[in-house]
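Visitor: Can you read through this structure? Questions will come right after.
Nothing in this text is a laboratory measurement; each read-out follows from the coordinates by a stated rule. Computed from a predicted model, the values in this text were never measured in an experiment. Cβ placement follows ideal geometry from the backbone for every residue including glycine, while neighbour counts extend to all protein chains displayed.
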Amino acid sequence: MQEALQKRLAVLIDADNAQASIIDGLLEEIAKYGVASVKRIYGDWTNPNLRGWKEMLLEYSIQPIQQFSYTTGKNATDSAMIIDAMDLLYTNKMDGFCIVSSDSDFTRLSARIREAGLTVYGFGQEKTPKSFVGACDKFIYTEILRKKAKDDTGDTTTTPAAKKTKVTELRSNSKLVNLLRNATEDSANEDGWAHLAEVGQNIANKSSEFDPRNYGYRKLGELVNAVGLFEVSERENENSPGKSIYVRDKRRK
């Protein structure tokens with residue numbers, strides 16, 4: 001059987017609003033969603049502040065786009081990214097866009113791309129305005145992306161993921177608890193049991209920025225277990241090999 005084609009993604013990076021140290025984790029994350037067919041990064045490359053990015057462009061085959069700052073206080077880089085994004089959108093060759101920036105100026109662009117039926121993945125710091133976060137189908141905070149670096153011995157190391165949030169803090173986070181409970185209830189059958197994959201999709205539809213890694217957990221199942229407010233059941237699949245995980249709010253017991 002022929003393998004399903006991967007999504008063709010356009011990766012557009014705002015060098016003024018993204019750290020070069022995230023590049024390894026960024027590209028690894030993007031690879032989960034499709035193939036980075038286009039990789040462009042925008043900035044004024046005469047600016048010494050972008051030297052960190054300049055050293056990585058050749059290694060990662062990222063095309064630099066020069067954009068001079070014509071007027072103080074005006075971000076010409078954003079305008080160049082938006083124009084290129086619209087050009088790529090109208091070629092009808094992309095399946096989705098990855099916009100790497102913490103700038104709210106890309107809110108309308110993300111909404112416009114989604115209106116055209118394409119998926120938008122946003123990448124930015126936790127300080128990113130909610131307007132831009134909410135305009136994306138999925139938003140990944142760059143703080144959780146792992147960074148490869150050289151230690152003192154010259155060996156490649158990886159910085160640890162975010163520290164696991166304590167159970168007491170998870171339970172006191174009403175926004176998180178309500179999100180998990182509502183998604184479980186919306187996905188549940190008459191007995192209150194819900195397939196974890198459906199719960200995850202429901203959460204993604206409700207909250208683009210949700211990611212269990214924000215709380216120090218690799219997967220949704222680990223986070224649900226840690227919260228301790230849900231029953232968890234692992235069951236054999238009826239029509240295919242393997243097992244599936246089901247969850248139920250303990251209040252339904």
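Visitor: Run the simple label-point estimate for A197 and Q6 please: 7 Å along Cα→C-beta, distance reported in nm.
Guide: It is 2.0 nm.
Visitor: Further, regarding this structure: Under a plain spin-label model, where a point goes 7 Å from the Cα along Cα-to-Cβ, how far apart in nm are E115 and S61?
Guide: Simple spin-label model gives 3.4 nm for this pair.
Visitor: Here is a follow-up. Starting from the Cα-Cα distance between T46 and K164, subtract it from 0.36 nm times their residue separation and give me the gain in nm to one decimal.
Guide: Length gained between T46 and K164: 38.4 nm.
Visitor: Rank the residues Y60, Y90 as a footprinting-exposure proxy: fewest other Cβ atoms within 10 Å of their Cβ go first.
Guide: Y90, Y60
Visitor: Can you sort L5, L27, L180 from fewest to most other Cβ atoms within 10 Å of each residue's own Cβ?
Guide: Ranking L5, L27, L180 by Cβ neighbours within 10 Å, fewest first, gives L5, L27, L180.
Visitor: I need the P(r) histogram for the range 8-158: all alpha carbon pairs, bin width 5 Å from 0 out to the longest distance, whole percents.
Guide: Bins of 5 Å from zero give 2, 9, 20, 22, 22, 14, 6, 3, 1, 0, 0 percent of pairs.
Visitor: With respect to the cross-link table entries K32/K138; K166/K206; K39/K93; K7/K32, which display a Cα-Cα separation exceeding 19 Å? Could you put the intermediate results ahead of the total?
Guide: Numbers: K32/K138 13 Å; K166/K206 24 Å; K39/K93 14 Å; K7/K32 10 Å.
Checking Cα-Cα distances, K166/K206 exceed 19 Å.
Visitor: In nm, to one decimal, how far is the T91 label point from the S37 one, both placed 7 Å along Cα→Cβ?
Guide: 0.8
Visitor: Additional query: In deg cm²/dmol and to the nearest 500, what is the mean residue ellipticity at 222 nm of the chain if only DSSP H runs of at least 4 residues count, each as -39500 (n - 2.57), divided by the residue total?
Guide: About -9000 deg cm²/dmol.
Visitor: By counting other Cβ atoms within 10 Å of each Cβ, how are R171, R40, R51 ranked from fewest to most?
Guide: Going from least to most buried by this count: R51, R171, R40.
Visitor: While we're here: Relative to the present Cα-Cα distance, how much length would full extension add between E234 and Q125 at 0.36 nm per residue of separation?
Guide: 35.7 nm
Visitor: So for the chain, averaging the separation of alpha carbon pairs under 8 Å that are six or more residues apart and normalising by length, what relative contact order in percent results?
Guide: Reported relative contact order: 15 percent.
Visitor: If the convex hull of the alpha-carbon atoms of the range 167-252 is projected onto planes in all directions, what is the mean projected area in square nanometres?
Guide: The Cα convex hull of the range 167-252, projected and averaged over all directions, gives 5.8 nm².
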